[in-house]
Amino acid sequence: MRFVLRHWHVLPISRLVQELSVNPNEGLSSREAKARLDRCGPNVLTTKPPISPWRIFLSQFQDFMVLVLLGTVVISVLLGEYLDAAAIFAILFLNAVLGFVQEFRAERSIELLGRMAADHCRVIRDGHKTVLDASQLVPGDIILLEPGDRVPADARLLESQLLSVDEANLTGESVPVSKDERFLGDENTPLGDRRNVVYKSTLVTRGFATAVVTATGMDTEIGKIAHLLQEERSAQTPLQRRLQQLGKILVLACAAIVAVVFLAGVRQGLPVYKMFMVAVTLAVAAIPEGLPAVVTIALSVGVQRMSRQNAIIRQLPAVETLGCATVICSDKTGTLTLNQMEVQQIWTARGLYTLQERPKLQVDPQLQDDLWYTVAVGALCTKAEVYEDGSFFGEPTEVALLRLAERIGLSQRKLRRVYQEVAGIPFNSERKRMSVVVKAGREHTALVKGAPDVVLPRCTHVLVGTQVVRLTQERRREALAVLDSMADHALRVLATAFKPLGGQLPSEEQWEQGLILTGFVGMIDPPRPEVAGAVQAARLGGVRTIMVTGDHKKTAAAIADQIGLFTPEAHQVLTGAEWEALTPLEQKEEIKSTAVFARVEPAHKLSIVRALQANGEVVAMTGDGVNDAPAVKEAHIGIAMGVQGTDVTREASDMVLLDDNFGTIIKAVREGRGIYDNIRKFIRYLLGCNVGEVLTMLVATLLGLPLPLVPLQILWMNLVTDGLPAIALGLEPVERDIMLQKPRNPREGVLARGLLKRILFSGVTISLAAVTLFVFSLWFYPGQLERSRTLAFTTLVFAQLIYAFQCRYERHSLFELGIWGNLYLILAVLISGGAHIFLLYTPFMGRLFQTVPLNLDDWLLVGVFASFPLFAETVGLMLKRAVRRHFSFLKV
């Protein structure tokens with residue numbers, strides 16, 4: 001049975017659960033759920049199949065220059081040059097295998113990350129509430145919904161409280177739709193009018209609900225139009241686009257140089273066919289057509305590395321942007337702090353109770369005094385629950401209140417037997433309070449808890465012991481003084497209140513007016529141990545941290561002081577109201593000296609992001625609630641919370657923190673900088689080698705010398721030096737001092753900060769070494785052209801392998817930091833160098849590549865000339881530092 005009916009919305013609830021064979025209170029058993037999963041399949045929408053391995057492999061032969069080279073293979077066969085044809089094809093095949101391995105790994109990395117970021121939902125299984133991967137849902141599962149949830153499957157409502165759902169992505173309705181489990185439609189009721197049903201991928205904007213799943217996966221309403229929801233392959237990142245533009249320029253430059261080499265060779269009387277082969281192979285080796293693809297691979301590998309640090313990257317461009325971040329706007333609760341609230345103090349009109357001083361504090365259940373009411377409101381006016389095994393489920397603040405109730409002798413389970421919840425208004429960031437109505441006998445009572453600055457103005461009386469007295473101005477001032485004292489101790493404070501409603505339940509508007517204050521509960525959420533160090537590390541790296549929280553101003557300031565957020569430049573604390581009162585111009589100025597924003601609403605976050613961006617900052621913004629999504633989306637880097645965050649915020653984000661930890665953001669920034677640095681190292685190596693090869697051929701040709709390299713030797717270098725060592729540079733560990741550098745400008749070019757000069761300098765020195773040795777060997781070994789070519793060929797290969805180690809560092813010399821630290825690169829160089837030596841001393845390979853074995857004297861020459869670029873760069877770096885010191889001394 002597939003459990004697929006068209007008209008679940010017309011069935012009474014009793015018939016519905018009977019059809020689905022489920023007990024709404026117990027949910028499905030694990031065994032039954034597994035059986036249904038086997039029959040119905042996972043709760044996922046069919047997406048485009050991944051690119052097949054064969055297609056990835058064949059795509060390696062689609063580049064224009066590779067196709068031209070394949071054409072030369074055909075021409076070689078027609079001319080009877082079978083050995084050349086076989087060698088060229090073998091090298092092309094090995095290059096294709098190398099490219100295939102890289103791209104296949106990148107594709108699978110992105111698929112893996114997609115699975116890691118899978119949605120989760122709350123469900124009742126085996127009589128217990130649990131969190132489940134949404135793909136494991138089956139028809140008949142009982143799911144729990146609250147504001148911010150993305151509905152995980154089509155479901156029929158069993159219970160709901162003021163539930164509203166945004167169905168715009170399904171029906172096009174721009175206004176959230178109110179839902180009601182009591183509604184019963186007929187078979188012709190349109191999709192958008194079925195008020196007792198919620199649909200997969202729609203968004204809960206208000207209220208709470210319990211529902212039973214009626215359809216999953218492609219059987220859902222959204223599944224029927226799944227082809228409209230299938231995501232296209234990600235667009236190119238900005239860096240890829242810049243590299244593609246650079247590649248076009250390099251293609252033109254290389255084409256011009258190759259044309260000069262071809263014409264010069266023909267003019268010297270060399271065969272046209274031979275020069276054509278030289279020109280084509282030189283173009284293949286010189287044109288970096290794979291640079292944009294290399295960036296994808298480097299980014300994907302980096303994203304995998306970030307995932308191991310609990311940071312899931314949803315958009316590849318975010319990796320680039322992370323390295324540019326200058327400001328991180330971070331929420332306090334759960335990100336800068338542990339998100340493990342513990343009650344420290346309770347205040348009632350009779351006095352202050354400090355739990356550390358009174359660990360055995362108890363209440364008298366029969367007395368029902370102000371202390372009893374304060375704790376009971378926290379235990380009943382809540383969405384949190386205590387399970388039978390003693391574990392807690394719910395939001396941290398509410399869990400702290402439940403722990404308090406259990407600790408001092410008020411069991412939530414026992415209270416609910418007497419006080420049954422009949423209605424409620426959920427908490428949200430605008431209201432800053434929650435209300436429930438409970439019924440004991442025939443009497444209704446409204447219970448309210450929330451922010452003191454919201455609840456206190458609604459109170460007209462206060463409970464003193466068991467007596468209700470008027471809340472005079474004097475008592476109000478006393479309460480405010482207590483609030484200030486609690487805030488000074490970095491306590492998060494909730495006010496609790498109640499109001500008898502009588503036998504008839506009045507309208508919602510009356511529940512929260514004329515309340516009786518019972519007390520305040522002060523809790524603390526201590527800073528995470530690693531946060532202070534992370535804030536300091538960010539500051540050293542030129543990244544400023546701003547706390548943006550809904551908490552009280554003094555509470556936020558106290559936590560900020562503990563984690564070292566204040567600096568001489570940024571020492572100000574502003575509330576959301578104070579911020580809102582400023583003009584946009586004033587906001588631009590004030591934000592420069594502000595370290596903490598307190599009592600902010602979601603709308604304020606958006607204006608904070610825009611003010612920072614107006615000052616030229618690259619902003620990372622964290623968010624968890626539904627209303628945080630606009631600010632998260634507006635920021636250069638939107639960061640969603642993986643534990644506390646809502647589905648809609650995660651969808652708007654670029655990065656998801658699996659542990660909601662601020663320290664993870666700093667690790668991600670560090671990794672982002674490292675990834676960009678590795679891409680620069682790769683570009684530096686690849687282009688430096690290509691410039692060296694092209695200049696070697698160009699200079700020799702212009703000087704009227706014999707060709708220093710034959711086509712197969714050029715292709716061999718392209719395989720040996722542009723292959724494994726280049727990939728290994730993309731796996732380079734992040735440099736230790738990277739967080740001591742300032743963030744890079746996001747608008748800087750790919751070859752900025754002197755990279756172009758280094759590439760040209762290295763290319764020239766590599767070429768100079770090879771051409772000089774070639775000229776010397778022509779003079780020293782007259783009539784032995786193959787030996788001279790072998791020496792030039794080998795010098796180029798080993799100069800480039802040494803250059804790979806030089807590319808590891810931008811700010812240091814290889815002699816300062818050594819070759820260790822990247823075992824992949826050491827292994828790649830050993831394999832590439834070993835392959836070249838194998839070529840030199842294998843007779844068959846020697847005949848194929850027109851090389852001869854080298855003796856000890858030859859190797860000494862190769863060693864000296866191949867090391868020349870390294871020594872030249874080191875001397876240049878020393879001179880540069882000496883000049884800097886000299887001018888620094890003059891300035892002093």
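The values are calculated or read from the model by the stated rules, or taken from the named source; none is laboratory data. Note that the coordinates shown come from a computational prediction; the quantities given were computed from them, not determined experimentally. FYI the Cβ positions are ideal-geometry reconstructions off the backbone, even for glycines, and counts take in every protein chain you see. Heavy atoms of the whole protein, side chains included, go into the accessibility calculation; ligands, DNA and RNA do not. Shrake-Rupley method; radii C 1.70, N 1.55, O 1.52, S 1.80 Å.
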Using the Kirkwood radius over C-alpha pairs as Rh, can you work out the diffusion coefficient of the chain via Stokes-Einstein at 37 °C, viscosity 0.692 mPa s, in µm² per second? 103 µm²/s
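So for segment 464-512, Kirkwood radius off the Cα pairs, Stokes-Einstein at 4 °C and 1.567 mPa s: how many µm² s⁻¹? Let's see the in-between values first.
On the way: Rh = 13.6 Å.
D, rounded to a whole number, is 95 µm²/s.
So, counting K/R as plus one and D/E as minus one, what does the shell of residues with Cβ under 9 Å around residue 178 add up to? The partial results should precede the final answer.
Values: positive: 179, 195, 206; negative: 180.
Result for the neighbourhood of residue 178: +2.
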Take segment 136-216, drop everything but the C-alpha atoms, weight them equally and run the Debye formula without solvent; then report log10 I(q)/I(0) at 0.12, 0.17 Å⁻¹ to two decimals. -0.28, -0.57
To the nearest 10 degrees, how steep is helix 711-720 against the longest Cα principal axis of the chain, on a 0 to 90 scale? 30 degrees
Work out from phi, with θ = phi - 60° and the Karplus expression 6.51 cos²θ - 1.76 cosθ + 1.60, the ³J(HN,Hα) of each residue of segment 501-515, listed in order in whole Hz, and give x for Gly and Pro. 10, x, x, 9, 6, x, 6, 4, 4, 8, 5, 10, 10, x, 7
So if we plug the beta-carbon distance of residue 31 and residue 59 into 1/(1 + (r/R0)^6) with R0 = 41 Å, what FRET efficiency do we get, rounded to 0.05? 0.35
Taking a cut-off of 17 Å between Cα atoms, list the lysines near residue 224, but don't count ones fewer than 8 places away on the same chain. 48, 200
Segment 633-771, convex hull of Cα, quarter of hull surface, nm² -> 11.6 nm²
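What does the charge count near residue 641 come to, summing +1 for each Lys or Arg and -1 for each Asp or Glu among other residues with Cβ under 10 Å from its Cβ? Don't skip to the answer; put the middle values down first.
Numbers: positive: 650; negative: 331, 624, 628, 659, 660.
Once positives and negatives cancel, what remains is -4.
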How do 267, 242, 407 stack up against each other in accessible area, from largest to smallest, with a 1.4 angstrom probe? 267, 407, 242
Give the angle, between 0 and 90 degrees and rounded to the nearest 10, that separates the Cα long axis of helix 531-540 from the longest principal axis of the Cα atoms of the chain. 40 degrees
Cβ-Cβ FRET estimate between residue 422 and residue 582, R0 fixed at 51 Å, reported to 0.05: 0.70
Point-to-point label distance, residue 178-residue 643, nm (Cα→Cβ direction, 7 Å offset): 3.8 nm
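Report the Stokes-Einstein translational diffusion coefficient (µm² s⁻¹, integer) for segment 470-589, Rh taken as the Kirkwood radius over Cα pairs, at 10 °C with viscosity 1.306 mPa s. Walk me through the numbers before you get to the answer.
On the way: Rh = 17.7 Å.
Reported coefficient: 90 µm²/s.
Around residue 342, what is the net charge, scoring Lys/Arg as +1 and Asp/Glu as -1 over all other residues with Cβ under 11 Å from its Cβ? Mind dumping the intermediate values first?
On the way: positive: 403, 407, 492; negative: 525.
Local net charge: +2.
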Applying a 10 Å radius around every beta-carbon, put 375-381, 250-256 in order of their mean neighbour count, most first. 375-381, 250-256
Kindly report the accessible area of the chain per residue (heavy atoms of protein chains, probe 1.4 Å, no ligands, DNA or RNA), in Å². 44 Å²
Putting +1 on Lys and Arg Cβ atoms and -1 on Asp and Glu Cβ atoms, find which of 669, 412, 207 reaches farthest to the positive end of the dipole of the chain. 669
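Determine, for each peptide in 606-619, 353-366, the mean count of other beta carbons within 10 angstrom over its residues, then list the peptides with the highest first.
In descending order of packing, they fall as 606-619, 353-366.
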In whole angstrom, and with the biggest value first, how far do the Cα coordinates of segment 545-692 range along each principal axis? 62, 35, 30
For a bin width of 5 Å, list the pair-distance distribution of segment 337-463 built from all Cα-Cα distances, rounded to whole %. 2, 10, 19, 25, 23, 16, 5, 1, 0
23 Å Cα-Cα threshold exceeded, pairs from 129/667; 383/432; 274/681: 129/667; 274/681
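Counting pairs of alpha carbon atoms under 8 Å apart in space and at least six apart in sequence, what relative contact order in percent does the chain give? Don't skip to the answer; put the middle values down first.
Values: 1591 pairs, mean separation 102.1, N = 892.
Answer for the chain is 11 percent.
Run the accessible area of the chain with a 1.4 Å probe and give the carbon-and-sulfur part as a rounded percent. The partial results should precede the final answer.
Values: 23000 of 39070 Å².
C and S fraction of accessible area: 59 percent.
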Show that you can apply the helix-only estimate: for the chain, add -39,500 (n - 2.57) for every DSSP H stretch of four or more residues, divide by all residues, and state [θ] at 222 nm to the nearest 500. -15500 deg cm²/dmol
Let me know the charge dipole size of the chain about its Cα centre in debye, to the nearest 20, where only the beta-carbon of Lys, Arg (+1) and Asp, Glu (-1) is charged. 1460 debye
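Quick one: work out Rg over Rh on the C-alpha atoms of segment 314-375, Rh as Kirkwood radius.
Values: Rg = 21.9 Å, Rh = 16.1 Å.
That ratio is 1.36, to two decimals.
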Over segment 346-433, relative contact order from alpha-carbon pairs under 8 Å, at least 6 apart, %: 23 percent
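Do any trypsin sites (Lys or Arg not before Pro) in segment 182-216 lie in a loop, going by DSSP, with at most 15 other beta-carbon atoms within 10 Å of their beta carbon, and if so which?
Values: sites: 182, 194, 195, 200, 206; in loops: 182, 194, 195, 200.
Within segment 182-216, the qualifying trypsin sites (Lys or Arg not before Pro) (loop, at most 15 other Cβ atoms within 10 Å) are 182.
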To the nearest 10 degrees, how steeply does helix 823-841 sit against the main Cα axis of the chain, on a 0 to 90 scale? 20 degrees
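Can you tell me how much longer the chain between residue 881 and residue 844 gets when fully stretched, taken as 0.36 nm per residue apart minus their C-alpha distance, in nm with one decimal?
Working: separation 37, 0.36 × 37 = 13.32 nm, distance 4.96 nm.
Using 0.36 nm per residue and subtracting the Cα-Cα distance, I get 8.4 nm.
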Under the Karplus relation with 6.51, -1.76 and 1.60 and θ = phi - 60°, whole-Hz ³J(HN,Hα) for segment 742-748, x at Gly and Pro, equal 6, x, 7, 6, x, 8, 5
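Volume per residue, Å³, of the convex hull around the alpha-carbon atoms of segment 650-691? Intermediate values should be presented prior to the final figure.
Working: hull volume 3.2 nm³, N = 42.
Once divided by residue count, the hull of segment 650-691 is 77 Å³.
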Please state the equivalent ellipsoid semi-axes for segment 685-839: what are the square roots of 5 times the Cα gyration tensor eigenvalues, largest first, in whole Å? 31, 18, 12
